[in-house]
Each structure stands twice: as structure tokens, then as C-alpha cells.
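*Asks:* Before anything else, here's the structure in question.
The values are calculated or read from the model by the stated rules, or taken from the named source; none is laboratory data. These numbers come from a predicted model, not from an experiment. Neighbour counts are summed over all protein chains in view; Cβ atoms, including those assigned to glycine, are modelled from backbone coordinates with ideal geometry. The protein model used for the area step is the full one, side chains on, heavy atoms only, and it has no ligands, DNA or RNA in it. Shrake-Rupley method; radii C 1.70, N 1.55, O 1.52, S 1.80 Å.
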Amino acid sequence: ANRGGHVRQLGFDARNNGYLTADLSLRATHLFDGYELTDLAYSKAPIPKLWFVSSSGKLLCMTYVPEEKVMAWQHYITDGAFESVCAIPEGNFDNIYVVVKRTDSTGATVRSIERMVAVHDEDREDAVYLDSSLSYDGANTGLRTLEIVSSGLYKSGDSVSVKSDQAGIFDSLDVGKEIEFTSGTTKYRLRVTAYTSTTQVEATLLADFPSDLHSPATTATWAIAIKLVTGLDHLSNQDISVLADGVMHKDVTVSATGAVTLDAPAVKICAGLKYICEAQTLPVSLEMEAGGQGRTKIVNKVYLRVDKSSSLSVGSDSSNLISVDGLNSTSLTTGEFETQISDSWDQEGQIVIQSTDALPATILSLTAQVSIGD
């Protein structure tokens with residue numbers, strides 16, 4: 001709309017033999033009143049969504065399936081302000097690209113192009129749920145093979161040589177890194193102790209290695225695990241979060257040179273600005289006279305049905321949250337989970353759900369056990 005910063009839809013109505021408009025912002029006017037919309041994008045797959053840049057600096061998103069009468073608003077807040085948005089088809093998905101204006105550690109204004117990737121199924125190790133983040137994946141993706149050569153019994157603590165079939169695999173900076181091998185579903189690591197050439201390093205086994213990894217066997221299923229993460233110059237001197245091999249690392253501060261050091265080497269790393277995902281239900285309204293208005297309420301239990309989700313917390317507000325039993329940050333879980341929350345009587349009976357880990361969380365449904373007072 002050219003006034004009020006609202007979003008309207010325009011469609012032909014056969015009964016009226018003309019075009020009618022409807023205000024799609026009425027369900028969430030607090031996101032629009034007093035602001036203007038400056039940019040728009042539409043992503044069709046996997047779920048139809050409309051994206052709007054607001055003069056408030058937020059990115060507004062509406063799930064939009066008019067044939068099913070589904071319209072729902074959400075908003076994104078980042079450490080900075082969104083300035084532009086577009087949707088680009090990539091494979092089976094329309095992925096979102098945004099321009100974000102931020103202030104760096106020196107007080108200077110910087111802009112970056114950041115990508116939001118739509119996914120259906122993902123592992124914890126591959127999750128990207130941090131803003132302005134960079135990812136590292138040390139897994140071998142080519143046909144390069146490695147061979148572990150030892151004069152011993154391939155026991156933990158033994159010294160071995162690791163040889164590559166191609167030049168340029170190793171360099172002197174690999175000392176201290178770990179190489180991870182996979183046998184079946186189990187992973188085994190060794191630590192590089194010396195650099196010999198671009199095709200060979202010396203190492204120490206960190207576990208007993210199975211026979212299928214003994215020389216002369218070669219394998220292309222290997223990865224390089226690192227502790228020192230570099231290339232984070234755009235986040236220098238800022239506090240960030242790190243997801244290392246699917247586990248949340250303690251929050252760290254990026255050095256002036258754009259580097260952080262992890263407690264232990266990791267093969268897959270995502271490092272960036274942490275944010276909180278939060279949803280809040282509307283006040284309780286019942287199918288009865290007055291709809292429960294004017295009466296105190298208390299939420300006794302909350303039942304969450306989730307799909308492949310990490311840890312979540314629920315409560316009556318953001319300052320009174322309880323972790324959902326059965327969900328944790330070390331695995332992705334599907335099912336229904338019951339949580340008894342500590343609450344007090346109030347007029348609203350609202351519920352807050354929050355996720356603070358940089359991991360997937362998909363809520364399919366919420367059911368609450370509510371008591372109504374006088």
C-alpha cells in the first residue's frame with residue numbers, strides 16, 4: 001500500500017465481477033504500523049513465502065498459501081539492519097539472499113551479502129543457524145586416497161606415516177591437525193606430528209585402528225579436523241558462537257586477525273553471530289461465552305510434537321523457561337514431549353517456545369493443559 005506500510009493482495013472475484021483487495025497485515029499490524037516496506041521477494045519452493053524488508057531494519061516473512069487459506073507472519077532480527085532481499089532458484093529450492101548493514105568493531109559501517117538456505121533434511125554437523133557465518137568442511141570430496149603405514153600394531157599412541165596418492169595434499173601448516181578416517185560407522189583419528197612432503201606426514205594414532213585401515217589398504221573416506229579457524233575478519237573482536245561437529249562450542253571472541261581457536265579439532269564447523277528463535281502463542285481464547293476473557297488462567301503442562309529437533313525451552317514468558325525433557329543438543333529427536341512448567345495465574349495464558357542452539361528445531365504442534373480460574 002502507498003500509505004501505512006501494509007501488504008495487500010489483489011484478486012479477481014467472480015461474484016463481484018471485479019478485482020478485490022485485502023489487507024494481509026491485519027494479523028500482525030505491530031510489524032507494519034509506523035514503518036515502510038522497501039523491498040520484496042517471493043520464494044515458491046519448498047514452501048511459498050513472501051519476504052519484505054522493513055524500514056525498521058527487520059526482515060518480514062509471510063507463509064502464503066492462499067488456496068489453503070494459510071497466511072502467517074514471522075520476522076527476522078539480526079545484529080544490524082536488512083536492506084535488500086531476493087530469491088534465487090538453486091536446485092529444488094528458492095534460496096534467499098539479503099544485504100545486511102552492520103557496524104564492525106572499529107565503528108565503521110559495513111555491508112555483506114548473506115544467504116539463507118532452505119533444507120528439508122539435515123544432520124547436526126551440517127547445520128547453519130548463525131548469522132554472518134562461515135562454514136568449514138574438511139571432508140575429502142574427491143578421489144584422493146590416503147594410506148596409513150606403520151611398523152607397529154596400529155594401536156593408540158603408535159607412530160605412523162600417512163601417504164597420499166597425489167601431491168599437494170599436505171603442507172607444513174598441517175602439524176597439530178587431526179586426520180579422521182571412517183570404518184563402517186565408526187570414526188578414528190590420528191594427530192599430525194611432522195610434515196615430510198606434500199604427499200606424506202608423520203602422525204600419532206589416537207585410537208586402535210581396525211584392520212581395514214592397515215597398509216596396504218587405501219581409503220578415500222577421510223577428513224581434516226582443525227582447531228584454528230581463520231577467515232573471520234568481518235567479525236573481528238566480536239563475540240560469536242561455534243557449532244563444531246554438531247555440538248555447540250562455548251562462545252568465543254574473534255581475534256583482531258579474524259581467528260578463533262577451538263577446544264578440540266573438528267571436521268565440520270559453523271562460526272557466526274548467535275541469535276534466539278522464539279515463538280509466542282496468542283492469549284487463550286475458548287469456544288465458550290466470553291471466550292475465557294476476564295478470567296485468570298494457568299498453563300500446567302505443554303505438549304510439543306517436533307520433527308528432528310534439538311533442545312527447546314518452554315514457559316509463560318522469556319524469563320521463565322524450562323528445558324523440554326527428551327530434547328538435547330547432541331541429537332535430533334522426533335516425537336511428542338510433555339513438559340510441566342512453573343507458572344502463575346494471569347489473564348493471558350500465553351506460552352513461549354525458545355531455541356538458543358544453532359541447530360534445527362521444527363515444531364509440528366503445541367497442546368496445552370490450561371486451568372481456568374474465577
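*Asks:* Would you say ASP171 is farther than 23 Å from ASP137 by Cβ and not β-branched (Val, Ile, Thr)?
*Replies:* no
*Asks:* If you go through the range 270-287 one residue at a time, how many are in contact (Cβ under 8 Å) with a residue 60 or more places away in the chain, more than 11 Å from the chain's Cα centre (by Cα) and part of a loop (DSSP other than H, G, I, E, B)?
*Replies:* 5
*Asks:* Tell me which residues, restricted to the range 320-356, are at pLDDT below 90 and either closer than 27 Å to VAL242 by Cβ or among the hydrophobic types (A, V, I, L, M, F, W, C) (or both).
*Replies:* ASN328, SER329, THR330, SER331, ILE341, TRP345
*Asks:* Among the numbered criteria (1) surrounded by 13 or more Cβ atoms within 10 Å (Cβ to Cβ); (2) touching a residue at least 12 places away in the same chain (Cβ under 8 Å); (3) not in a helix (DSSP H, G or I), which single criterion is violated by GLU125?
*Replies:* Going through (1) surrounded by 13 or more Cβ atoms within 10 Å (Cβ to Cβ); (2) touching a residue at least 12 places away in the same chain (Cβ under 8 Å); (3) not in a helix (DSSP H, G or I) one by one, GLU125 breaks only (3).
*Asks:* Please determine, by comparing only the residues of the range 307-326 that are under 16 Å from the mean Cα position of the chain (by Cα) and surrounded by 15 or more Cβ atoms within 10 Å (Cβ to Cβ), which one is nearest to ALA279 (Cα to Cα).
*Replies:* This residue is LEU312.
*Asks:* Looking at the range 42-66, which of its residues are more than 13 Å from PHE82 (Cα to Cα), hydrophobic (A, V, I, L, M, F, W, C) and part of a strand (DSSP E or B)?
*Replies:* Once the filter is applied, which keeps residues that are more than 13 Å from PHE82 (Cα to Cα), hydrophobic (A, V, I, L, M, F, W, C) and part of a strand (DSSP E or B), the range 42-66 yields LEU50, MET62, VAL65.
*Asks:* Return yes or no: is PHE181 within 25 Å of GLY157 (Cβ to Cβ), over 21 Å from the mean Cα position of the chain (by Cα) and touching a residue at least 40 places away in the same chain (Cβ under 8 Å)?
*Replies:* Here the answer is yes, as PHE181 does meet what is asked.
*Asks:* All but one of (1) farther than 19 Å from ALA127 by Cα; (2) of a type outside the set (Phe, Trp, Tyr); (3) open to solvent by 40 Å² or more (accessible area, probe 1.4 Å) hold for ASP251; which doesn't?
*Replies:* (1)
*Asks:* Another question, then. I need the full set of residues from the range 314-341 which are in contact with a strand residue (DSSP E or B) (Cβ under 7 Å, 6 or more places away or on another chain) and part of a loop (DSSP other than H, G, I, E, B), in order please.
*Replies:* SER318, VAL324, ASP325, GLY326, LEU327, SER329, THR330, LEU332, ILE341
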